[in-house]
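**Q** So that we are looking at the same thing, I have put the structure below in structure tokens.
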Amino acid sequence: MTEQPASRTRFYRDKQHGKVMGVCAGIADYTGFDVALVRICFLAAVFMSGGGVLPFYFIAGWVAPTKPTTLDYEDREDRKFWQGVRASPKRAAGDIRSRFKDIDRRLADIESYVTTENRSLAREIEQLR
């Protein structure tokens, strides 16, 4: 049986940045929230439920796979991009499409500038000869 490659759009426990099992750090990474905020919300949920949330935490810690080290982010921009992809794939695809259109337009402007005959530049070059 072949193993599926790691996916950046999947939920993983982040044991590298986690405290107990990495569940809160994984939720923070997946949603884009600050890990401290996720931990505070989890503690509030534990106190408000009288501890009824704890079994779900341990089940998530037991069931969810550990985040592979190959999926570590290079920088903040990389982290922000992948969190945006998880939050709204359509918006992320549209953003990428608009970036490519902008690059294409800029390249077309450069190509137009280079390939058109620039009479004043040609005149100046002739004067230098």
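The values are calculated or read from the model by the stated rules, or taken from the named source; none is laboratory data. Since this is a predicted model, take the numbers as computed values, not measurements. With ideal geometry, Cβ positions are generated from the backbone for all residues, glycine too; neighbour counts draw on all protein chains shown. What goes into the accessible areas is simple: the full protein's heavy atoms, side chains included, and nothing from ligands, DNA or RNA. Shrake-Rupley method; radii C 1.70, N 1.55, O 1.52, S 1.80 Å.
**Q** Efficiency by 1/(1 + (r/R0)^6): what FRET value for ARG10 and PHE47, r their Cβ-Cβ distance, R0 = 35 Å, to the nearest 0.05?
**A** Once rounded, the FRET efficiency stands at 0.70.
**Q** Sticking with this structure for a sec: Two decimals, Cα atoms only, Kirkwood Rh: what is Rg/Rh over the range 78-129?
**A** My calculation of the ratio gives 1.42.
**Q** Can you give the direction-averaged projected area of the convex hull of the alpha-carbon atoms in the range 1-116, in nm²? Show your work: numbers first, answer last.
**A** Details: hull surface 44.0 nm².
Average of the hull's projected areas for the range 1-116 equals 11.0 nm².
**Q** Mean residue ellipticity at 222 nm from the helices of the chain, using -39,500 (n - 2.57) per DSSP H segment of n ≥ 4 over the full residue count, to the nearest 500 deg cm²/dmol?
**A** Counting only the DSSP helices, I get -20500 deg cm²/dmol.
**Q** With a 1.4 Å probe and every protein chain kept in, tell me what percent of the accessible surface of the chain is carbon plus sulfur.
**A** 59
**Q** Okay, next question. DSSP H helices in the chain with Cα extent of 20 Å or more along the helix axis and mean Kyte-Doolittle hydropathy at least -0.5?
**A** Membrane-span-like by this criterion, though nothing is claimed about a membrane: 35-49.
**Q** I would also like to ask the following. Within straight cross-link reach of LYS15, meaning Cα distance under 25 Å, which lysines are found once same-chain residues fewer than 8 apart are removed?
**A** LYS67, LYS80
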